[in-house]
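A.B. asks: Have a look at this one before I ask anything.
The values are calculated or read from the model by the stated rules, or taken from the named source; none is laboratory data. As the structure is a computational prediction, the values presented were derived from the model and not from experiment. All Cβ positions, glycine included, derive from the backbone under ideal geometry; neighbour counts span all protein chains shown.
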Amino acid sequence: MIEQLFGSKTRVKLLYLFYSNPNRSFYVREITRKIDEQINSVRRELSNLLSIGIITSDNTNNRLYYEVNQKFEHYEPLLAMFGAQGGKLKTTVKSTKKAEKADDTNDEEFDFKSLGNVELALFTGQFTRDESTGIDLLIVGNVNQNKLGKFVSELESKEGKEIRYTVFSLEDYRYREQINDRFIDILKHAKKQLLVDKKNLLG
């Protein structure tokens, strides 16, 4: 139904990918891998989305990156349709068969609950092309270190790159805020993709 409305299965997959990952940048082969479509089809639909203004592109280190255009006039309604739902982040789109499942789950949602009590989690660094913090993943809360190590390893395998991550307890994070810690200040101004923020720690 949605594919008929938007004219292309690849286009719909791209919309799910971009709107479920605001502030995150992807290059063509990474997109092709994540949505499991042919590169020519991906290139064609990226060109279409660019011409409409739904996404933007930028060349960094001789590699062309794409991300959703949050200034697009219809950004909000498209986000409501294609974005992450119920507080769960979708890192890729469902296949047609998975989309027909009644429970509407996604194999690649990040299950932070399994790590413990995660108050804040976000992507930055390699994920958003902002190296100001020097990390790619921040987690705040009381987490199981063994499960966290496994989680990061699985994430590295999926992303095909090493992930630099930092973990704070909630008390440590708030203390750093109180003393105007430079890292926290940089973090708040960095380009990031928010995954979890139970207590609105980032304001």
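A.B. asks: Which of the residues spanning the range 44-79 are among the polar types (S, T, N, Q) and either under 11 Å from Y19 (Cβ atoms) or within 20 Å of the chain's Cα centre (by Cα) (or both)? Write out each step before concluding.
C.D. replies: Quick first cut of the range 44-79, residues among the polar types (S, T, N, Q) only: 47-48, 51, 56-57, 59-62, 69-70.
Correct list: T56, S57, N59, T60, N69, Q70.
A.B. asks: Here is a check on your reading of the model: is N142 in contact (Cβ under 8 Å) with a residue 24 or more places away in the chain and of a type in the set (S, T, N, Q)? Please lay out each step first, then the result.
C.D. replies: Values: in contact (Cβ under 8 Å) with a residue 24 or more places away in the chain: yes; of a type in the set (S, T, N, Q): yes.
The answer is yes for N142.
A.B. asks: Out of the range 172-188, which residues are in a helix (DSSP H, G or I) and among the β-branched types (V, I, T)? Step through it out loud before you land on a result.
C.D. replies: Going residue by residue through the range 172-188, those that are in a helix (DSSP H, G or I) are 172-178, 182-188.
The answer is I184, I186.
A.B. asks: K192 - would you say it is touching a residue at least 24 places away in the same chain (Cβ under 8 Å) and crowded, with 18+ Cβ neighbours inside 10 Å? Steps first, please.
C.D. replies: On the way: touching a residue at least 24 places away in the same chain (Cβ under 8 Å): yes; crowded, with 18+ Cβ neighbours inside 10 Å: yes.
Yes, satisfied.
A.B. asks: In the range 66-74, is there at least one residue being in a helix (DSSP H, G or I), modelled with pLDDT of 90 or more and either within 18 Å of Q126 (Cα to Cα) or of a type outside the set (S, T, N, Q) (or both)? Break it down into steps so the answer makes sense when it comes.
C.D. replies: Kept after step one, since they are in a helix (DSSP H, G or I), are these residues of the range 66-74: none.
Looking through the range 66-74, none of the residues is in a helix (DSSP H, G or I), modelled with pLDDT of 90 or more and either within 18 Å of Q126 (Cα to Cα) or of a type outside the set (S, T, N, Q) (or both).
A.B. asks: Let me ask you something else. So I31 ticks every box in (1) of a type outside the set (D, E); (2) touching a Leu at 6+ places or on another chain (Cβ under 8 Å); (3) assigned to a loop (DSSP other than H, G, I, E, B); (4) in contact (Cβ under 8 Å) with a residue 24 or more places away in the chain but one. Which box is left unticked?
C.D. replies: Unmet condition: (3).
A.B. asks: Consider the range 34-44. How many of its residues are out of contact with any Lys or Arg (no Cβ under 6 Å at 6 or more places or on another chain) and either in contact (Cβ under 8 Å) with a residue 60 or more places away in the chain or β-branched (V, I, T) (or both)?
C.D. replies: 2
A.B. asks: Going by the structure shown, is F151 under 26 Å from T60 (Cα atoms) and either modelled with pLDDT under 95 or in contact with a Gly (Cβ under 8 Å, 6 or more places away or on another chain) (or both)? Give the steps one after another, and end with the answer.
C.D. replies: On the way: under 26 Å from T60 (Cα atoms): no; either modelled with pLDDT under 95 or in contact with a Gly (Cβ under 8 Å, 6 or more places away or on another chain) (or both): yes.
Judged against the criteria, F151 is not a match.
A.B. asks: Something else about it: Output the number of residues of the range 179-189 satisfying the condition of being free of Cβ contacts under 8 Å to residues at least 24 places away in the same chain and loosely packed, with under 12 Cβ neighbours inside 10 Å.
C.D. replies: Going through the range 179-189, the residues free of Cβ contacts under 8 Å to residues at least 24 places away in the same chain turn out to be 179-182, 184-185, 188.
Within this subset, residues satisfying the condition of being loosely packed, with under 12 Cβ neighbours inside 10 Å are 179-180, 182.
Qualifying residue count, the range 179-189: 3.
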